[in-house]
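> I have a structure I would like to understand better, so I am pasting it below and will then ask my questions one at a time.
Any read-out appearing in this document is the output of simple, stated calculations on the displayed coordinates, not a laboratory observation. Please read these numbers as outputs of a predicted model, since none were measured by experiment. Don't worry about glycine lacking a Cβ; one is built from the backbone with ideal geometry, like all the others, and counts go over all protein chains shown.
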Amino acid sequence: MLEAESPVTEKTAPTEPSGNPGPGLQRSQRAISPRGGWDRRQIRFGEMLTPLGELGRSLIFAGPGVLWVMFFLVLPGLLLVVYSFLSRGDFGQIQLPLTLENYVRILGYGPLGWTPIYWQILGRSLLVAAVTTLFCVLLAYPLAFFIAAHPPRQRDLLLTLVVVPFWTNLVIRTYAWMLVLGPEGWPARLAAWIGWIPPQTALYPSWLAVYLGMVYTFLPYMVLPLYTAVERIDWRLAEAARDLYANGWQVFLRVLFPQTLPGLASGLILVGIPAFGMFVVPDLLGGSKTLLIGNVIQLQFGSSLDYPFGAALSFLVTGLTLGLIYAYSRYVGTGSLEDLV
Amino acid sequence: MISSASTLRDPDWDVELRGLYKRFGDFVALDGIDLQIRRGEFFGLLGPSGCGKTTLLRILAGLEMADAGTVLIRGRQVGHLPAHKRNVNTVFQSYALFPFMTVAENVGFGLRMRGVQGETLRKKVMAALELVEIGAFAGRKPHELSGGQQQRVALARALVNEPEVLLLDEPLSALDAKLRKQLQVQLCELQRRLGMTFIFVTHDQEEALVTSDRVAVMRAGRIEQMGLIDEVYERPATAFVAEFLGASNLLQGIACGTDCVDTPLGLLKVLGIPASHELVHLAIRPEKIQLSRTGWDLLPNQVPVRVENLIYTGAENQYLLRVAQGQHLKVTALNTDNEDFGFEIGESLMAHLPPKSLIRLQPAPPSPSPMEDP
């Protein structure tokens, strides 16, 4: 019955600004045109500012921060790039000549012939980051909805509980995991009891321990942005979806989940990137088999005293990360990183 | 708890509610609602905010469950069914359009949930969009549309499912007055063409007057009066209805013989008053009172008044008249070029209250004064 042609169509002309071309259109267009005609440069921040005044103000407000970033981030970063083309002296000093050897080494060509070791470590790091992020997402979704379902006062308490681990240093927290997973802890005893590990052994070093530590470390970074998105959910849309025959699962998938996407996008970045470069957790809870790219870089600046090679690895990881973020932001469809983080 | 008695029913009733009761904490939202709505009727639920009209609509939609009572739609018990299993759709006050979907995706949502796909889906969606004149915007996102266009999308999204009953929860309240009036008329035309049962919730009495065939005026969880819209307007049963639907002058007096009431305005002739000495509540609409400088010969119910205030609204003048006894009368007069128009403030006039326009009201129990929606 809906296919019948409408007499309403024929009788009335649209009056909304962007309506079909019709008698009403010209009038409405004129009505909104003054808005587009304003000179935007003249009124900014509610004040009349000349371009020069605006520049001065930006320098005063943004100057200190820009200087800080320049001196402590951009310059050292550039220094790192320079280092990566220099050579390591016999005693770990950084010296000429300029060389591409560090990059050739990453590709796998060394004095002992070709080895894929760094490719493997890179791939392993990406995998660990991906799995960690996945588990964080799976755990954070129910948690975010759980917290958001509480009255405001209790929400604050629950959020505080999520953030509490930040009050302690990461290394100390990871040591705490070593205690928990140690031979005397009940998880290890339980594992021994069911015959999974020999008695009186610890649950670390192992992949299980690494993933436990990683997910534990990064879960808050996923929960907080997701919670922010969940809290803003327009539940009236869920009612509308129910009214339009969607069952519980369909309501979540088609109406609630899309509303959490901004939070999820931030969470993926906040978890995925640091997880990719993580070295504390795999160092303490994993063994040599769980060596990640972060550990390799740490070794170069630590016991190996090979700054140029470490610099080359760092530069590569940074480049890779930026490339991934770029691809990600293109995929997610936001123009700037600001929208993501 | 839904009682299961499904007894004989009129085959024309599309919606039947019996003894509906709903409480939120200590607040009784619905206090025994009995209501029948005919198939193909434009039914208005009218009342001030907090009267329970939206709760009633949400119970019909399945978004709330009644604490007690029966909900029948086309003779079927639906009181226990959740919203997504009812063949009823709602146009929400906030529209509740899905912002991340295009207009076409929004409108197709209900059909997709019911497994309609491909060309059938596309055709039905386009037909619904054409029906509400927004076919050109199928690919846009809701935020790219004006309020009126969004409202049409919400309407199309509900209509496309061809529901047994369409529920409209103050769908026009977010629009400006001119567009609202236009859409009221279009909504009526649409409803008549589709022959679909519309239940329209509004706190705007004018909107109810324009759109509805029948109305129920609600107050504090009960139905105060129900009937054809013109009947309710012409014969309001209580002071609340008389003042909520349109404006009224309320009077009290003591019956002083057949068709005679002793009021502060003097002895008035009122039709249908038995010979007794009971308290009588009366109402008269401002537009039914006639004014004249000279008065009339041989007409009963003439009261000398003085113009205390005057509001010129273009189409009509609204007078506030002071009667000698300190009472006030509101009178509206159409802007004609006759001599009974255009009185000045301070002028002394005669007001005529025609006996057939004086309505006897039921004495209503005292209750909180109605609060207007913002």
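> Once Rh for the range A:152-228 is found with the Kirkwood sum over Cα pairs, what is the Stokes-Einstein diffusion coefficient at 20 °C and 1.002 mPa s, in µm²/s?
Answer, rounded: 152 µm²/s.
> Per residue of chain B, what 222 nm ellipticity follows from adding -39500 (n - 2.57) for every DSSP H run with n ≥ 4, rounded to the nearest 500?
That comes out to -6500 deg cm²/dmol.
> Over the whole of B:96-102, what's the average partner chain Cβ count within 10 Å per residue? Rounded to a whole number, please.
Rounded to a whole number, the mean comes out at 5.
> With labels modelled as points extended 7 Å from the Cα through the Cβ direction, what inter-label distance (nm, one decimal) is found for B:Y312 paired with B:F100?
About 5.7 nm, to one decimal.
> Okay, next question. About the Cα centre of the range B:169-319, how large is the charge dipole given +1 on each Lys and Arg Cβ and -1 on each Asp and Glu Cβ? Please answer in debye to the nearest 20.
Dipole magnitude for the range B:169-319 comes out near 140 debye.
> Further question: Could you give me the ³J(HN,Hα) list for the range B:84-101, computed from phi with Karplus coefficients 6.51, -1.76, 1.60 and θ = phi - 60°, whole Hz, x at Gly and Pro?
Here the 3J(HN,Hα) series is 6, 9, 9, 8, 9, 10, 10, 9, 7, 4, 8, 6, 6, 6, 7, x, 8, 10 Hz.
> Among the chymotrypsin sites (Phe, Trp or Tyr not before Pro) in the range A:184-232, which ones are in a DSSP loop with at most 13 other Cβ atoms within 10 Å of the Cβ? Mind listing them?
Counting only loop positions with at most 13 other Cβ atoms within 10 Å, the chymotrypsin sites (Phe, Trp or Tyr not before Pro) in the range A:184-232 are A:W196.
> Would you mind calculating the relative contact order of chain B from Cα pairs under 8 angstrom and at least 6 residues apart, reporting the percent as a whole number?
16 percent
> With charges set only on the Cβ (+1 for Lys and Arg, -1 for Asp and Glu), what does the dipole of the range A:141-264 come to about its Cα centre, in debye to the nearest 20?
Computed charge dipole of the range A:141-264: roughly 20 debye.
> Just report the Cα centroid separation between the range B:258-290 and the range B:177-236, whole Å.
30 Å
> Please identify the GluC sites (Glu not before Pro) of the range B:217-309 that satisfy two criteria: DSSP loop assignment and at most 15 other Cβ atoms within 10 Å. Which are they?
Here the GluC sites (Glu not before Pro) that fit, given the DSSP loop and packing criteria, are B:E278.
> Can you work out the Karplus-derived ³J(HN,Hα) for every residue in the range A:157-168? Use 6.51 cos²θ - 1.76 cosθ + 1.60 with θ = phi - 60°, whole Hz, and x for glycine or proline.
4, 5, 5, 4, 4, 5, 8, 3, x, 5, 6, 10
> Another question about this same structure. Could you give the nm distance between label points at A:I172 and A:A130, where each point is 7 Å from its Cα heading toward the beta carbon?
With each label placed 7 Å out from Cα toward Cβ, I get 3.6 nm.
> Using the beta-carbon distance between B:T258 and B:Q182 and R0 = 60 Å, what value does 1/(1 + (r/R0)^6) give for FRET efficiency, to the nearest 0.05?
For B:T258 and B:Q182, the calculated efficiency is 0.75.
> Starting from the 7 Å offset along Cα-to-Cβ, what nm value, one decimal, do you get for the label separation of B:A247 and A:D234?
Placing both labels 7 Å beyond Cα along the Cβ direction yields 3.7 nm.
> Step through the residues of the range A:220-237 one at a time and calculate ³J(HN,Hα) from phi using the Karplus curve (6.51 cos²θ - 1.76 cosθ + 1.60, θ = phi - 60°), rounding each to whole Hz and writing x for Gly and Pro.
x, 5, 8, 5, 5, x, 5, 4, 4, 5, 5, 5, 8, 4, 8, 6, 4, 5
> Sticking with this structure for a sec: Provide the gained length on full extension for the span A:L59 to A:S87, in nm with one decimal, where the gain is 0.36 nm per separating residue minus the Cα-Cα distance.
6.1 nm
> Let me ask you something else. Output the relative contact order of the range A:193-324, whole-number percent, from Cα pairs under 8 angstrom with separation of 6+ residues.
RCO, the range A:193-324: 27 percent.
> Rounded to the nearest 5, what is the percent of antiparallel bridges among the DSSP beta bridges in the range B:140-237?
Close to 55 percent.
> Further question on the same structure: Using a simple charge model, +1 on the beta-carbon of Lys and Arg, -1 on the beta-carbon of Asp and Glu, nothing else, what dipole does the range B:200-257 show about its Cα centre, in debye to the nearest 20?
Charge dipole, the range B:200-257, about its Cα centre: 300 debye, nearest 20.
> Loop-only check: which chymotrypsin sites (Phe, Trp or Tyr not before Pro) in the range A:73-129 are DSSP coil with at most 13 other Cβ within 10 angstrom?
Loop-located and lightly packed - A:F91.
> What ratio of Cα Rg to 2.2 N^0.38 Å holds for chain B?
My calculation over the Cα atoms of chain B gives 1.17.
> Go through B:S49, B:F27, B:N89 and say which Cα lies farthest out towards the positive end of the charge dipole of the range B:8-93; charges sit on Cβ, +1 for Lys and Arg, -1 for Asp and Glu.
B:N89
> I've got another one for you. Return one number: the angle in degrees, 0 to 90 and rounded to the nearest 10, between the long axis of the Cα atoms of helix B:177-194 and the longest principal axis of the Cα atoms of chain B.
60 degrees
> Give the calculated FRET efficiency between B:E234 and A:F146 to the nearest 0.05, with a Förster radius of 60 Å applied to their Cβ-Cβ distance.
Taking R0 as 60 Å, the efficiency between B:E234 and A:F146 is 0.60.
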